[in-house]
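Remarks on the structure that follows.
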Amino acid sequence: MTAPGSPSSEAATYSRITWRLMPYLFACYILAYVNRVNVGFAKIQMQQDLRMSDAVYGLGAGIFFIGYFFFEVPSNMALRKVGARRLLGPIMIVWGLVSAATMFATGATSYYILRFLLGAVESGFFPGVILYLTFWYTEKHRVRMVAIFSSAIPVSGVLAGPLCGWILKDLNGVAHLAGWQWLFLVTGIPSSIAGLATLFYLTDKPEQAHWLRQDEKELVLKRLHEESQTKKGKGGHSLMDAFRSPAVWWLGLVYFGVIAGNYGIGFWLPQVIKETLTKDPVAIGWLFVIPSVVTVIGMFFVGRHSDSTGERRWHFALSAIVAACAFAASAIPGIPGTVGFAALTLANTGVLCAFAVFWSLPTKILSGAAAAAGIAWINSVGNLAGYASPHAVGAIRDKTHSMTLALLALAAAMLISAVVSLYVTRRDGRRA
């Protein structure tokens, strides 16, 4: 039997915590992300049924993030007071119902309203989980946990692609509902069910974990206290520190570029596949799996190498640069569809590798109330790109009938993120 506090005992304790929390949070994020981007698949049928232009679709896809922006910081502050279980559970129940209700959209106005409401409800989930992880893990472990959690994004593509393609083709017309209506219903309800389960499953803090021994609870709390004292020794972090810190604002800009790249692909890739490779919904769904699988592999190796070396800033910056180059390559006029698809696959991998490494940066410099507000604020500012990016792509497509300029804009966004990230982390370059 290992002695309490020994390295092997500590490793066993964190392993127990990880196996208890991460698979469940991972599954919940898959549901969240599918409900966020299922509109990209629904567009294949919905756009014609509701007579929407590309600009209207892009605005509705992106208006999700306006609701997200206004409610994210209050939601994260509320999580510190009421706990993850009592906040995340109801959030999931309601967002599942709102997502399912999108099946009743009849035009641009109802589409906009439902997407705005979905963003407002879901706004507390991702930053809430990032904050929640700081209640359990020190920075030493947290980077890997965020990478695990973030890998739900490409995994959601592996699962959602074939499912959405099948729904659009085989359920179209069943019970007098269009395939896109079934798509919102089938992908929305599981989130509400998971929300009910969350009310009973999640444990808010280590001291409340009945599944940990007393010495394991004390070890986790001790490590968190040691890290907190170290950060206080560097100047302390109150709520207002998050908004006074120039680094927080710079990181918001960096994250803006990453999110622009992410949703530039997420909301439009099914349409690109339809226009360049195949119009069959099932085939589109299976092709959507390819970028997701490649991205999972890329995130695993980048995250593992970053953890083994302890280096963050260049792992982030080089991932963003790879994405920028791949976006630019995919924008070459007359490029064969298969080559363009391969370039977008590489771009998707670069974007999400950067995404996974990114959250090691703000959690390294903030703690306490500043961490809650800072994480939420960076996520809020960055996710405004989720509004701007799909709307801009749609407007560009309507005017040029091409993706070329849109892809070049995404390349520029990723390149700016890389350059700014190197600037803001330059003082701590050896350890960031």
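The values are calculated or read from the model by the stated rules, or taken from the named source; none is laboratory data. Values in this document were obtained by computation on a predicted structure and should not be read as measured data. Heads up, the Cβs are rebuilt from the backbone with ideal geometry, glycines too, and the neighbour counts pull from every protein chain shown.
When PHE301, PHE327 are screened for being more than 21 Å from MET145 (Cβ to Cβ) and among the aromatic types (Phe, Trp, Tyr), only PHE327 passes. If you check PRO162, PRO190 for being under 19 Å from the mean Cα position of the chain (by Cα) and farther than 24 Å from ILE259 by Cβ, only one passes: PRO190.
Any residue at all in the range 276-289 that is part of a helix (DSSP H, G or I) and over 30 Å from GLY179 (Cα atoms)? The answer is no, given that none of the residues of the range 276-289 is part of a helix (DSSP H, G or I) and over 30 Å from GLY179 (Cα atoms). Taken over the range 42-55, the criterion of being in contact with a Phe, Trp or Tyr (Cβ under 8 Å, 6 or more places away or on another chain) and either buried (at least 23 other Cβ atoms within 10 Å of the Cβ) or in a helix (DSSP H, G or I) (or both) is satisfied by ALA42, LYS43, ILE44, GLN45, MET46, GLN47, ASP49.
Return yes or no: is ARG115 in contact (Cβ under 8 Å) with a residue 24 or more places away in the chain and surrounded by 23 or more Cβ atoms within 10 Å (Cβ to Cβ)? Criteria met by ARG115.
Confirm whether THR404 is touching a Pro at 6+ places or on another chain (Cβ under 7 Å) and either modelled with pLDDT of 85 or more or not charged (D, E, K, R) (or both). Answer is yes for this residue.
With the structure loaded, tell me whether PHE149 is closer than 17 Å to PHE355 by Cα, modelled with pLDDT of 85 or more and of a type in the set (Phe, Trp, Tyr) or whether it fails that test. Yes, satisfied.
Take the residues of the range 209-250 that are part of a helix (DSSP H, G or I), small (Gly, Ala, Ser) and in contact with a Ser or Thr (Cβ under 9 Å, 6 or more places away or on another chain): which is modelled with the highest pLDDT? In this case the residue turns out to be ALA247. Taken together, the residues in the range 336-352 that are under 20 Å from ALA260 (Cα atoms) and either touching a strand residue (DSSP E or B) at 6+ places or on another chain (Cβ under 7 Å) or surrounded by fewer than 24 Cβ atoms within 10 Å (Cβ to Cβ) (or both) amount to 6. Filtered by the rule that a residue be modelled with pLDDT of 90 or more and of a type in the set (A, V, I, L, M, F, W, C), the range 254-272 gives VAL254, PHE256, VAL258, ILE259, ALA260. Restricting attention to the range 269-293, the residues that are closer than 21 Å to LEU405 by Cβ and crowded, with 18+ Cβ neighbours inside 10 Å add up to 5. Against the list (1) within 18 Å of GLY252 (Cα to Cα); (2) modelled with pLDDT of 95 or more; (3) surrounded by fewer than 24 Cβ atoms within 10 Å (Cβ to Cβ), the condition VAL381 fails is (2). From the list VAL129, VAL186, the lone residue that is out of contact with any Gly (no Cβ under 7 Å at 6 or more places or on another chain), aliphatic (A, V, I, L, M), farther than 24 Å from GLU207 by Cβ and modelled with pLDDT of 90 or more is VAL186.
Within the range 85-110, residues that are under 26 Å from ILE130 (Cβ atoms) and free of Cβ contacts under 8 Å to residues at least 60 places away in the same chain sit with their Cβ atoms under 7 Å from residues that are assigned to a helix (DSSP H, G or I) and of a type in the set (A, V, I, L, M), at 6+ positions apart or across chains, in these pairs: LEU87/ALA78; LEU87/LEU79.
Would you check if GLY83 is on the phi > 0 side of the Ramachandran plot and modelled with pLDDT of 85 or more? Here the answer is yes, as GLY83 does meet what is asked. Considering only residues in the range 294-335 that are surrounded by fewer than 18 Cβ atoms within 10 Å (Cβ to Cβ) and of a type in the set (S, T, N, Q), the one that is farthest from ALA160 (Cα to Cα) turns out to be THR309.
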